[in-house]
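The values are calculated or read from the model by the stated rules, or taken from the named source; none is laboratory data. Note that the structure is a prediction, hence the values are computed from the model and not measured. When we count neighbours, we look across all protein chains shown, and the Cβ atoms used for this are built from the backbone with ideal geometry, even at glycine. Just the protein is used for accessible areas: all its heavy atoms, side chains included, with ligands, DNA and RNA removed. Shrake-Rupley method; radii C 1.70, N 1.55, O 1.52, S 1.80 Å.
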Amino acid sequence: MDKTNVKEAVRDKYSEAARRVTSGRATCCGAPSAASRCDPITSNLYDNAEKDALPDTAVLASLGCGNPTALAQLSAGEIVLDLGSGGGIDVLLSARRVGPTGKAYGLDMTDEMLALARENQRMAGVVNVEFLKGEIENIPLPDNSVDVIISNCVINLSGNKDRVLQEAFRVLKPGGRFAVSDVVTRGDVPAEIREKVLLWVGCIAGALRDDEYRDKLAKAGFQSIGIEPTRVYAVEDAREFLAGKGVDVDALAPQVEGKFMSAFIRAVKPVKEADKITEPACCAPGCCG
Ligand SMILES: C[S@@+](CC[C@H](N)C(=O)[O-])C[C@H]1O[C@@H](n2cnc3c(N)ncnc32)[C@H](O)[C@@H]1O
């Protein structure tokens, strides 16, 4: 699939996922797959206190693979940007964490998801939130304007991950944090099996290997890079799907086990000397007093 087709396929998939939620056809965790049960990737990511404080449709639309706001250590007054905000669950949770002096932006390219997110915001009665239409490869915000970038299972969907990381770096303030949940792989997996398992996870454009993710973050300029697995998938989770694709699951289990995971990925945009605010030089006796 070329980059345009990847984007169209992603948009179609998530328009349909949003329609399932608004029409009451979503499953318990909003999974857009044909299966009517919760999948092991999107289910049980948020605790009850978080879910109870949100509209049901925000929880039902949750299609992430982690809980970035719980791990990002957000503080009052910060500006947060969620890349691929979907139905808005992490934006609404962030808005509460940063409080009335802070703000949470959600960015998404799918009209149906934006409409659902704005309706969820209205129902939640949260005002320090703005949902923007756009692509994570071209973030519609100025340079050095965001304290924290979060994202939940979206960067794997991009056909141009280098560009997404460059854009994240550009909009972060010096010292700003990248705090993202995403699917990553670890170690070598035969290409054909990798493709099938990633299709099961829903990674249309393909997840990065953890070492590739580190390299791309460093190439974009980030420092203090860390990748922590939060949920490692068992081959058993994907047995039905893989068997349906003609894969001999038992024979391949050793090549798959422990190699596909959701992870929390963190990094920092460094503060350069030129970014530091310096005290004005003392110009005359008494002027520094
Ligand atoms: C897997 S869902 C995750 C939604 C949300 N983060 C959550 O946790 O529920 C992916 C979302 O990212 C959006 N998306 C995917 N690729 C995008 C891109 N290149 N630019 C903007 N949005 C994108 C989709 O429209 C969809 O709403």
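Considering only residues that are among the charged types (D, E, K, R) and more than 10 Å from the ligand (Cβ to nearest atom), which ones fall in the stretch 58-99?
First pass over the stretch 58-99, keeping only residues among the charged types (D, E, K, R): 78, 82, 90, 96-97.
Within the stretch 58-99, Glu78, Arg96, Arg97 meet the criteria.
Would you check if Glu119 is open to solvent by 60 Å² or more (accessible area, probe 1.4 Å), among the charged types (D, E, K, R) and more than 12 Å from the ligand (Cβ to nearest atom)? Explain how you work it out, then say what you get.
Details: open to solvent by 60 Å² or more (accessible area, probe 1.4 Å): yes; among the charged types (D, E, K, R): yes; more than 12 Å from the ligand (Cβ to nearest atom): yes.
So Glu119 passes the test.
Hey, among the residues in the stretch 185-211 that are in a helix (DSSP H, G or I) and not hydrophobic (A, V, I, L, M, F, W, C), which one's farthest from Val249 (Cα to Cα)?
Within the stretch 185-211, the first condition is being in a helix (DSSP H, G or I), and the residues that meet it are 191-201, 210-211.
Within this subset, residues satisfying the condition of being not hydrophobic (A, V, I, L, M, F, W, C) are 192, 194-196, 210-211.
Working: Glu192: 13, Arg194: 13, Glu195: 14, Lys196: 11, Asp210: 24, Asp211: 26 Å.
This residue is Asp211.
Examine the stretch 100-112 for a residue that is within 12 Å of the ligand (Cβ to nearest atom), assigned to a loop (DSSP other than H, G, I, E, B) and under 23 Å from Val268 (Cα atoms), and state whether such a residue exists.
Applying the first criterion (within 12 Å of the ligand (Cβ to nearest atom)) to the stretch 100-112 yields 106-112.
The next check asks that each one be assigned to a loop (DSSP other than H, G, I, E, B); those that pass are 109-110.
Remaining after also requiring under 23 Å from Val268 (Cα atoms): none.
No, the stretch 100-112 contains no residue that is within 12 Å of the ligand (Cβ to nearest atom), assigned to a loop (DSSP other than H, G, I, E, B) and under 23 Å from Val268 (Cα atoms).
Restricted to the stretch 128-179, and to residues that are within 10 Å of the ligand (Cβ to nearest atom) and in a strand (DSSP E or B), which residue is most open to solvent (accessible area, probe 1.4 Å)?
The residue in question is Lys133.
Select from the stretch 1-24 the residues that are away from the ligand (no atom under 11 Å from the Cβ) and of a type in the set (Ser, Thr, Tyr) and write down the one among them that is nearest to Ala115 (Cα to Cα).
Thr22
For the structure I just gave you, tell me whether Leu71 is under 22 Å from Asn156 (Cβ atoms), surrounded by fewer than 18 Cβ atoms within 10 Å (Cβ to Cβ) and out of contact with any Leu (no Cβ under 7 Å at 6 or more places or on another chain).
Working: under 22 Å from Asn156 (Cβ atoms): yes; surrounded by fewer than 18 Cβ atoms within 10 Å (Cβ to Cβ): yes; out of contact with any Leu (no Cβ under 7 Å at 6 or more places or on another chain): yes.
Taking the combined requirement at face value, the residue satisfies it.
Mind listing whichever residues of the stretch 219-237 are of a type in the set (Ser, Thr, Tyr) and in a strand (DSSP E or B)?
Looking only at the stretch 219-237, we keep the residues that are of a type in the set (Ser, Thr, Tyr), and these are 224, 230, 233.
Answer for the stretch 219-237, where residues must be of a type in the set (Ser, Thr, Tyr) and in a strand (DSSP E or B): Ser224, Thr230.
Can you name the condition, by its number, that Ile79 falls short on among (1) surrounded by fewer than 24 Cβ atoms within 10 Å (Cβ to Cβ); (2) modelled with pLDDT under 95?
All conditions are met except number (2).
Yes/no per residue for (1) farther than 20 Å from Ile225 by Cβ; (2) more than 13 Å from the chain's Cα centre (by Cα):
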position	(1), (2)
Pro68	no, no
Leu74	no, yes
Gly84	yes, no
Leu93	yes, yes
Arg96	yes, yes
Asp108	yes, no
Met113	yes, yes
Leu132	yes, yes
Glu137	yes, yes
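Could you grab me the full set of residues in the stretch 97-107 that are surrounded by fewer than 24 Cβ atoms within 10 Å (Cβ to Cβ) and touching a helix residue (DSSP H, G or I) at 6+ places or on another chain (Cβ under 9 Å)? So that I can check it myself, show each step before the final result.
Of the stretch 97-107, the ones surrounded by fewer than 24 Cβ atoms within 10 Å (Cβ to Cβ) are 97-103.
Passing the criteria: Arg97, Gly102, Lys103.
Based on this model, can you work out whether Arg214 counts as within 16 Å of the ligand (Cβ to nearest atom) and either open to solvent by 20 Å² or more (accessible area, probe 1.4 Å) or outside any strand (DSSP E or B) (or both)? Break it down into steps so the answer makes sense when it comes.
Working: within 16 Å of the ligand (Cβ to nearest atom): no; either open to solvent by 20 Å² or more (accessible area, probe 1.4 Å) or outside any strand (DSSP E or B) (or both): yes.
Considered against the rule, which asks whether it is within 16 Å of the ligand (Cβ to nearest atom) and either open to solvent by 20 Å² or more (accessible area, probe 1.4 Å) or outside any strand (DSSP E or B) (or both), Arg214 comes out as no.
Looking at this structure, is Val235 within 16 Å of the ligand (Cβ to nearest atom), surrounded by 13 or more Cβ atoms within 10 Å (Cβ to Cβ) and β-branched (Val, Ile, Thr)?
Values: within 16 Å of the ligand (Cβ to nearest atom): no; surrounded by 13 or more Cβ atoms within 10 Å (Cβ to Cβ): yes; β-branched (Val, Ile, Thr): yes.
For Val235, the condition - within 16 Å of the ligand (Cβ to nearest atom), surrounded by 13 or more Cβ atoms within 10 Å (Cβ to Cβ) and β-branched (Val, Ile, Thr) - is not met.
Kindly list, by first and then second residue, each pair from a residue in the stretch 41-66 that is more than 21 Å from Val184 (Cβ to Cβ) and open to solvent by less than 40 Å² (accessible area, probe 1.4 Å) to a residue that is more than 10 Å from the ligand (Cβ to nearest atom) and among the basic types (Lys, Arg), limited to pairs with Cβ atoms under 8 Å and residues at least 6 apart or on different chains.
Within 8 Å, the pairs are Val59/Lys51.
What's the number of the only condition in (1) under 18 Å from the mean Cα position of the chain (by Cα); (2) surrounded by fewer than 20 Cβ atoms within 10 Å (Cβ to Cβ) that Val183 fails to meet?
(2)
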